[in-house]
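Enquirer: The following block contains the structure, expressed as structure tokens.
Taken together, the values in this text are just the output of simple stated rules run on the coordinates, not laboratory data. Since the structure is predicted, the reported quantities are computational estimates derived from the model, not experimental observations. We place every Cβ from the backbone using ideal geometry, glycine too, and count neighbours over all the protein chains shown.
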Amino acid sequence: MKAAVLRAYNEPLSIEEVSVSKPKGREVLVRTAASGVCHSDLHVIDGLLPMGVPTILGHELAGIVEQVGPDVTEYKSSDHVIGCPSAFCSHCEFCMGGRGYLCSEQAELARRKDEEPRLAAEDSAYIRQFSNL
């Protein structure tokens, strides 16, 4: 897929071919139909919200579910969805209490270093995702 990749702060994004792995666990693969670049993205580009590079921006998306991981029960292929920049696990005490913004288990949303990355450049190098989306 093509993606807008931030490789250095205060530099233009580069449009690159990126490989996408199959979803695992509770992951959902969405074919993005549209994505905006908002002020959060601009803060990352300007280095005001540092998150490491390279990273793919554009977390406010709309698309269609293509595949779901084996532990996903609430979505199926062909569902229309929108992305939410608020990452939450949906099962910790805060998420279950309606306060996902305080999620204590956000680390589980990222893949471990010993797992295949969700996104990779043509040279197989790992690329981050803004908000793990």
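Enquirer: Cross-link partners among aspartates and glutamates for LYS2, C-alpha distance below 14 Å, same-chain residues fewer than 8 apart left out?
Expert: Partners found: GLU16, GLU17, GLU122.
Enquirer: Now a separate question. Run the reach check for LYS24 against lysines, Cα to Cα strictly under 16 Å, same-chain hits fewer than 8 apart removed. What comes back?
Expert: Here the lysines satisfying the reach criterion relative to LYS24 are LYS76, LYS113.
Enquirer: Let me ask something else. For n ≥ 4 DSSP H runs only, could you compute -39500 (n - 2.57) per run for the chain, divide by its residues and tell me the 222 nm figure to the nearest 500?
Expert: After summing the helix terms and dividing by residue count, I get -1500 deg cm²/dmol.
Enquirer: Please identify, among GLU27, GLU115, GLU16, the residue showing maximal mean-square fluctuation in a Gaussian network model of the chain using a 10 angstrom Cα cutoff.
Expert: Maximum fluctuation in the GNM of the chain, among the listed residues, is at GLU115.
Enquirer: Right, something else. If contacts are Cα pairs under 8 angstrom and at least 6 residues apart, what is the relative contact order of the chain in percent?
Expert: Relative contact order for the chain comes out at 26 percent.
Enquirer: Still on this structure, I have one more. Let me spell out the model: positive unit charges on the Cβ of Lys and Arg, negative unit charges on the Cβ of Asp and Glu, origin at the Cα centre of the chain. What dipole size does that give, in debye rounded to 20?
Expert: Roughly 120 debye, rounded to the nearest 20.
Enquirer: Residue farthest toward the positive end of the dipole of the stretch 28-128, with Cβ of Lys/Arg at +1 and Asp/Glu at -1: which of HIS59, ALA87, GLY98?
Expert: Farthest towards the positive end: GLY98.
Enquirer: Compute the distribution of all C-alpha to C-alpha distances in the chain, in bins of 10 Å from 0, and list the percent of pairs in each, rounded to whole numbers.
Expert: Reading upward from the zero bin: 12, 40, 39, 9, 0.
Enquirer: So what's the net charge close to GLU27: Lys and Arg +1, Asp and Glu -1, counting the other residues with Cβ under 9 Å from its Cβ?
Expert: Taking every other residue near GLU27 into account, the sum is +4.
Enquirer: Ok, one more. Give the order of CYS89, CYS38 when sorted by the count of other beta carbons within 10 angstrom, beginning with the fewest.
Expert: CYS38, CYS89
Enquirer: Which order do ASP71, ASP79, ASP114 fall in if you start with the one that has the fewest other Cβ atoms within 10 Å?
Expert: Going from sparsest to densest Cβ surroundings: ASP114, ASP71, ASP79.
Enquirer: Okay, moving on. If you take every residue apart from PRO54 with its C-beta less than 15 Å away from the C-beta of PRO54, what net charge results, scoring Lys and Arg +1 and Asp and Glu -1?
Expert: Net of charged neighbours comes to -2.
Enquirer: What does a probe at HIS39 reach in the stretch 86-101, counting residues whose amide N is under 18 Å from the point 7 Å along Cα→Cβ?
Expert: Label zone hits: 86.
Enquirer: Please list 3J(HN,Hα) in residue order for the stretch 89-105, calculated via the Karplus relation 6.51 cos²θ - 1.76 cosθ + 1.60 where θ = phi - 60°; whole Hz, with x for glycine and proline.
Expert: Rounded to whole hertz, the list is 7, 6, 9, 6, 4, 6, 4, 5, x, x, 10, x, 5, 9, 2, 9, 10.
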